[in-house]
């Protein structure tokens, strides 16, 4: 990862964090950068079980898990440090839906002594039994709503039917936590992906992973892990944090693409001089850098708001703005990077090309920039 | 002005300071002019600044030893926030904003003692003579010349885009006193009385209809030796001095916020189906404003903590200026055939003069370094790209 020689462009931690936070931010940052430096390039590979377990071994899937469940119980800012590093390293593992959301659900819903919840927590500690949260009843859904999937008594026990959208990395996933309406309430059920009656259609995604539509045809399920209004609130909270982490990850991708492109412009020579001397190219880079600086500020504001009150409308608005800006900033920077690398940038093995592939999927995941700008304005008006 | 005469407000708790300043503004601001794009001029401007001076609210960033408030960057930020919140029209106040830092750093003790108190009391107002017809972005190629004459200099040449020259007592200017070497090396920083024989001021009308934009002609204007600041030939570096929050305030998104308010009012005046069509653009600009504010708050906090923020302010100036223009353009497009109409026709249902907003935001990307020059500076500075 080439760092800018002139200024620290990392999103977190900031110089200010250094004064106010303990040393844990700096230590986590150092170990994350050290870890990814020692890994082979991720460029283009599919999400893998080995990579997932490596993240678990570092303790990064359980950063936000309560201590009672063996987690580190650290603030979201620490999660963001890992998210940014993942972005820079172009790792395609689905941390948002498979770890961030999962840890939030454990934090907000787990009942002491519950074996099922202990199992969910354990999956974040060792990365062996991989769980994912599926909650989208519609392809374009960006906020929690009463689930369309239904669980009703049938046969010897309970049966689940309906359809979910947006499962990432199905090939990596062993079981799902599915939201469904049960007895008139929102409830959460664990469903092994291999259960009879679970049919999924995978589509490959630009980041090397996949996204799946899953149909549940009267799938037998055990009693719910949680039930009632708390599930919807926890789900929304989990979703907001996943969005926040995706924003920071996108910033990481975008800034890494910019630094890589700048390094190329400083060294690549044409017409007898470094192409970075050409004004047209310089100005295009500045425009991308402006967007990234705005994205970084938007992410920091969202992190600060989240630390103060994770579920306030103002926090959710700030997160929406961060996702919108980080998506657009990353995409504009990666597209520019491909263009300025010339034909080299168009090759599948180029780092800059893979930045674009990752940014394209991350920017669409959980809602495009346009949809989050719409959410931002609606949420802003809600709390004014 | 002695140090004890100015209340020591930097020691106040932030909230108390903010409230006192807010209350003071509400009582003492008398002009009908509001908004960040409005200029307070003439008698109104002098009265507003003189009142601040009288009550110890003048010159937030200037040290108390020099008659200022001696506020920390953090307090200066609050000071600025309250002015923006009230939407007080801004006097140019170039004497304080641009000349005072120069005098403190490069001026003689006599120059400081003679000029600073009159700047603070608003007895003297100053204008800036930098640009010339042949020297805009390439300022160092300016040609107005000062040659030694008796106990001073004779100045000949022409300055242009001199804001408020028609309402100023003095002018500080860059003149050429030497030739040869780098073109930057032959420049000197001089102070001239606008009442000097040989100075002619001709107002220029702008696209926004203002006339405080002037040409200033110098025909054998005598400037005494005491009007030279610093060493002859040192003008280039002297002329680039900025102090404290003045630099920070260039990043403020207040114009952006104002333009967005106008856009919201404009949108509210549209038929519902038209307003619906405008929503995606509104949402984009709402996010632009929110993110620029986040970046501004971020860099102000970094600056207050002693961090390096020079690049971030260039970025903010660039983004805020261009986005303010885009918002003005959006508002113009939304109103269809009311576009290009000056004033606010009653039948239009509009709340603002959109033609004026469209025109008055044009120079935001020209003054204080064009957006193209800003991009050059950011590219070779913060981004570390090689110079051509």
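The values are calculated or read from the model by the stated rules, or taken from the named source; none is laboratory data. Only a predicted model underlies this, so the values are computations on that prediction, with no experimental measurement involved. No Cβ is skipped: glycine too gets one built from the backbone with ideal geometry, and neighbour counts run over all protein chains shown.
Only a single item in (1) out of contact with any strand residue (DSSP E or B) (no Cβ under 8 Å at 6 or more places or on another chain); (2) touching a residue at least 24 places away in the same chain (Cβ under 8 Å); (3) surrounded by fewer than 21 Cβ atoms within 10 Å (Cβ to Cβ) is not met by residue A:99, and it is number (3).
The one condition from (1) more than 11 Å from every other protein chain (Cβ to nearest Cβ); (2) in contact with a helix residue (DSSP H, G or I) (Cβ under 9 Å, 6 or more places away or on another chain); (3) assigned to a helix (DSSP H, G or I) that residue A:224 does not meet is (3). Please find, among A:243, A:258, the residue that is under 30 Å from residue A:80 (Cβ atoms) and within 13 Å of chain B (Cβ to nearest Cβ). None of the other options fit; the residue is A:258.
Considering segment B:120-143, the residues that are within 20 Å of residue B:90 (Cβ to Cβ) and in contact with a strand residue (DSSP E or B) (Cβ under 7 Å, 6 or more places away or on another chain) include one that is surrounded by the most Cβ atoms within 10 Å (Cβ to Cβ), namely B:127. Does residue B:357 satisfy the criteria of being over 16 Å from residue B:267 (Cα atoms) and either within 14 Å of another protein chain (Cβ to nearest Cβ) or assigned to a helix (DSSP H, G or I) (or both)? No, not satisfied.
Can you confirm whether residue B:99 is in contact with a strand residue (DSSP E or B) (Cβ under 8 Å, 6 or more places away or on another chain) and crowded, with 20+ Cβ neighbours inside 10 Å? Here the answer is yes, as residue B:99 does meet what is asked. Of note, residue B:345 does not satisfy the criterion of being away from every other protein chain (no Cβ under 14 Å) and closer than 23 Å to residue B:240 by Cα.
The set of residues in segment B:369-388 being touching a residue at least 60 places away in the same chain (Cβ under 8 Å) and either in contact with a helix residue (DSSP H, G or I) (Cβ under 7 Å, 6 or more places away or on another chain) or in a helix (DSSP H, G or I) (or both) consists of B:372, B:373, B:374, B:377, B:378, B:381, B:382.
When the residues of segment B:178-207 are filtered to those that are modelled with pLDDT under 95 and assigned to a loop (DSSP other than H, G, I, E, B), the one that is surrounded by the fewest Cβ atoms within 10 Å (Cβ to Cβ) is B:180.
Give, as residue ranges, the helices (runs of 4 or more DSSP H) completely inside segment B:66-168 that count at least 2 residues that are under 23 Å from residue B:222 (Cα atoms).
Once the helices (runs of 4 or more DSSP H) in segment B:66-168 are filtered for at least 2 residues that are under 23 Å from residue B:222 (Cα atoms), what remains is B:100-106, B:109-120.
Residue by residue through segment A:194-207, note down the ones that are part of a loop (DSSP other than H, G, I, E, B) and in contact with a helix residue (DSSP H, G or I) (Cβ under 7 Å, 6 or more places away or on another chain).
Scanning segment A:194-207 gives A:205, A:206, A:207.
Checked against the criterion of being within 13 Å of chain A (Cβ to nearest Cβ) and within 29 Å of residue A:372 (Cα to Cα), the candidates B:388, B:301 yield just one match: B:301. Within segment B:366-385, the only residue that satisfies the criterion of being within 17 Å of the chain's Cα centre (by Cα), under 19 Å from residue A:288 (Cα atoms) and either away from chain A (no Cβ under 13 Å) or surrounded by fewer than 17 Cβ atoms within 10 Å (Cβ to Cβ) (or both) is B:370. The selection criterion, being at the interface with another protein chain (Cβ under 9 Å from one of its Cβ atoms), at pLDDT 95 or above and touching a helix residue (DSSP H, G or I) at 6+ places or on another chain (Cβ under 8 Å), holds for residue B:292. Yes or no: segment A:285-293 includes at least one residue that is closer than 30 Å to residue A:105 by Cα, buried (at least 20 other Cβ atoms within 10 Å of the Cβ) and at pLDDT 95 or above. No - not one qualifying residue is present in segment A:285-293.
Of the helices (runs of 4 or more DSSP H) lying entirely inside segment A:306-384, those containing at least 2 residues that are within 17 Å of the chain's Cα centre (by Cα) and within 10 Å of chain B (Cβ to nearest Cβ) span A:313-340, A:369-383.
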